[in-house]
Each structure stands twice: as C-alpha cells, then as structure tokens.
1. Going by the conditions given, is Glu194 over 17 Å from Leu99 (Cβ atoms) and surrounded by fewer than 14 Cβ atoms within 10 Å (Cβ to Cβ)?
2. Going by what's in this entry, would Lys27 be described as among the charged types (D, E, K, R) and either at pLDDT 75 or above or in a loop (DSSP other than H, G, I, E, B) (or both)?
3. Taking the residues in the range 92-113 that are part of a loop (DSSP other than H, G, I, E, B) and either buried (at least 24 other Cβ atoms within 10 Å of the Cβ) or not hydroxyl-bearing (Ser, Thr, Tyr) (or both) as candidates, determine which candidate is farthest from the chain's Cα centre (by Cα).
4. Any chance the range 104-117 includes a residue that's free of Cβ contacts under 8 Å to residues at least 12 places away in the same chain, in the same structural domain as Gly185 (by TED's automatic domain parsing), within 27 Å of Leu78 (Cβ to Cβ) and not small (Gly, Ala, Ser)?
5. All but one of (1) more than 26 Å from the chain's Cα centre (by Cα); (2) surrounded by 13 or more Cβ atoms within 10 Å (Cβ to Cβ); (3) farther than 20 Å from Tyr86 by Cβ; (4) aliphatic (A, V, I, L, M) hold for Ile157, so report the exception by its number.
6. When you check Ile157 against the structure, is it in the same structural domain as Pro119 (by TED's automatic domain parsing), within 18 Å of Arg102 (Cα to Cα) and hydrophobic (A, V, I, L, M, F, W, C), yes or no?
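The values are calculated or read from the model by the stated rules, or taken from the named source; none is laboratory data. Treat the numbers as computed from the prediction; the structure is a model and nothing was measured. Heads up, the Cβs are rebuilt from the backbone with ideal geometry, glycines too, and the neighbour counts pull from every protein chain shown.
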Amino acid sequence: MKRLFWIIFFLIGAPLTLVLSIHLLYKTLPTPQVLSSEFNPKTPNTIIAQSKNNDPVTFSSFSIADARPLIVRKYLHLYESPLEPYSDLLIEVADKYSLDYRLLPAIAQQESNLCKKIPPSSHNCWGFGIYADNVIVFDNYPEAIETVARALKRDYINQGLDTPEKIMAKYTPPSLEIGGPWAKGVTQFLSDLE
C-alpha cells in the first residue's frame, strides 16, 4: 500500500512541480518591449528591444532573401561551370521571361555539361541552333542567356510546350525517337536544382 501511495504521489507531483517551475521561471523573466522597428536596405529588418526594468538593450535582426541565386551558384560551382559568375543573371533573366529558374541550367547541363563541351568560343551551352555543321555563336554568356531564355519563352512555353517532354519534341526531335533521354536528363537536373 505504501508503494502505491509513492507511485501515485510521483505521477501527480512530478508534472505539477514541472508546470509550477516553468510558470515561475517565465513570470520572473523581464518582458522585452519593442522600442522601434525600422527598415534599412543595408540591415533589412532590425528590431531594437529593451526590458521594462531598463536591462541592457537587446538587438535582433533578421532578413529574408531569395535563395535561388545561391542554389544555382552552388550547383554551377559543384560542376566547375564557367556559368557560375552568371548565377544572378540566370535568375534575373528567368524571372524576366517567367521561366522556371532551373530550366536554363538544366538544359545547359544536358546539352554541354554546363558549358564544358561546347563549340570553341561559341558561348552556346544550350545546344541552341546547333545541328550538323550549323552552330549559333554568341559573343558572350550574357547574350546567350538572354537569347535562349527569350526563345524558350516565345517559341516553347508560350506555345504550350511547358514540360521537358514537350520541349524535347521541338528542341531535339531525334531524342524523342530514341525514347526521350533528353527530357529524362533535363528532368533529373531540374530535380537536382531543387
């Protein structure tokens, strides 16, 4: 009987003691009071707080940033791509044409191992307009990025060709004839960039 009493006492007493301790701890801590909240582009959001009893001031800051350029930059860096310095531009141009930000890097990965296997001095990482002896040459990567993105939007996405499988049918028809490895590769690279 004595043992049963101690078990019941423990099962009731332990949780009550824990709850009471937490309550007292929070009741005795000073409550911060927000004194100001300001926006500064150099320090995106800064909150300055001070406790009611004038304890030392506590500073806290946070920021919200677009992770896509970092994702693309890390991906391009991983594969030692010459496109790495253009990570921000890839996102900017994708947004300009309402493209999935991963599409240009994914096609470049499929077509040229991210620009490591391209016709000399062509800056054409996307196999864009390359067939037989015909090679479209760009003066630089920014020109290539802009041109390919604009063409993808105008000639593919706006025409309802909005998946790797649908794009493949027009972009590289021979791949369709052999079971679609182009679309499978692009789909895999899109997943890798998530």
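1. no
2. Judged against the criteria, Lys27 is not a match.
3. My answer is Asn113.
4. Checked against the condition, which is being free of Cβ contacts under 8 Å to residues at least 12 places away in the same chain, in the same structural domain as Gly185 (by TED's automatic domain parsing), within 27 Å of Leu78 (Cβ to Cβ) and not small (Gly, Ala, Ser), the range 104-117 yields at least one hit.
5. If we test Ile157 against (1) more than 26 Å from the chain's Cα centre (by Cα); (2) surrounded by 13 or more Cβ atoms within 10 Å (Cβ to Cβ); (3) farther than 20 Å from Tyr86 by Cβ; (4) aliphatic (A, V, I, L, M), just (1) comes out false.
6. Criteria met by Ile157.
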